[in-house]
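Written out below as structure tokens is the structure these notes cover.
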Amino acid sequence: MGNDHEKYRQLIERCKALPPTPTAVAHPCDESSLKGVVNAAKAGLIAPILVGPAARIKEVAVKAGLDISSFRIVDAEFSQESAEKAVAEVRGGRAEALMKGSLHTDELMGAVVRRDTGLRTARRISHCFIMDVPGHAEPLIITDAAVNIAPSLKEKVDIVQNAIDLAHDLGAKEVRVAILSAMETVNPDVPSTLEAAALCKMAERKQITGAVLDGPLALDNAINPEAARIKKIESPVAGRANVLVVPDLEAGNMLAKSLTFLAGADAAGIVLGARVPIILTSRADSLIARLASCAVAALVAKARREQGARTVS
């Protein structure tokens, strides 16, 4: 199934008026990760700070024919040190985003969540996929499919709020959140339906803000108006959701990969809830998905700068 990536191209186009976002890249020690960095820098999305073994990074660049001469390199001996020093670049105010290189995600996130030297905030850290699905009018945000394995109701409040804030940062005029389950009725035997109902009530009481929520909703009646009509579900969200909150990581991961491999979608990824946006890319990601992930981080970083300026004033 073809994908013209129009939704991703619009995100990237919005970043052309912005200065490149200073981005600490942790351990870009293989061709795939280093090439992604170079491409994003060429597109004007990021201003990379490469953190890792300098000699090895330069060797990879030479072998791959990549020009990294304009990038600052922070030498680090091994991957864990790369993660720690990349986080230190953010804490020192020299970077406004963090990007995963060729190290394992757990190593990078371990440095991020460290209590004394990491990038924690009051929010729970969570991941969002921004899906470019062929034939679907808007990007679909899916959360959480990569960080929180089996989040509690309390953790889901932050997961939902992170996704809502992201949708606003990306320019959504109206954020419509579907809390997904296997069914669209509250069933005491299915815990995800109870949590969905609780999240919706919390939104009514302004404990979650910036969006309209509905749930539980099954996937079909969350994104397909005809399915919602057949089930006689009337709400501003049913059939029109642009944010999908899944019950757990397994459900989210399978949903995102099903859209990718069966519907020809691309998945840009971002981690939220830390001091800065964190770009998690995969070696399987297409070039446009990598660039879109960097564009999303740039737009989130811009929103953080503006929020900080408003707070100061």
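Within the range 12-40, residues that are part of a helix (DSSP H, G or I) have Cβ atoms under 6 Å from residues that are basic (Lys, Arg) and surrounded by 19 or more Cβ atoms within 10 Å (Cβ to Cβ) in these pairs: 36/290, counting only partners at least 6 apart in sequence or on another chain. The strands (runs of 3 or more DSSP E) found entirely in the range 50-140 that carry 2 or more residues being touching a residue at least 40 places away in the same chain (Cβ under 8 Å) and crowded, with 24+ Cβ neighbours inside 10 Å are 97-100, 126-132. The condition (being within 19 Å of residue 131 (Cβ to Cβ) and free of Cβ contacts under 8 Å to residues at least 12 places away in the same chain) is satisfied by just one residue among 170, 262, 194: 262.
Of the helices (runs of 4 or more DSSP H) lying entirely inside the range 156-271, those containing at least 3 residues that are within 24 Å of the chain's Cα centre (by Cα) and either at pLDDT below 95 or not aromatic (Phe, Trp, Tyr) (or both) are 191-204, 219-223, 249-263. Close Cβ contacts (under 7 Å, 6 or more residues apart or on different chains) running from residues in the range 278-289 that are touching a residue at least 24 places away in the same chain (Cβ under 8 Å) to residues that are of a type in the set (Ser, Thr, Tyr) comprise 279/293; 280/105; 281/293; 283/32; 288/8. Considering 228, 284, 263, the condition of being of a type in the set (A, V, I, L, M) and buried (at least 18 other Cβ atoms within 10 Å of the Cβ) is satisfied by 228 alone. Of all residue pairs spaced 6 or more apart or on separate chains, those with beta-carbon atoms under 7 Å, a first member in the range 238-257 that is free of Cβ contacts under 8 Å to residues at least 60 places away in the same chain and a second member that is among the aliphatic types (A, V, I, L, M) are 239/223; 239/227; 239/228.
The values are calculated or read from the model by the stated rules, or taken from the named source; none is laboratory data. These numbers were taken from a predicted model, which means no experiment stands behind them. When we count neighbours, we look across all protein chains shown, and the Cβ atoms used for this are built from the backbone with ideal geometry, even at glycine.
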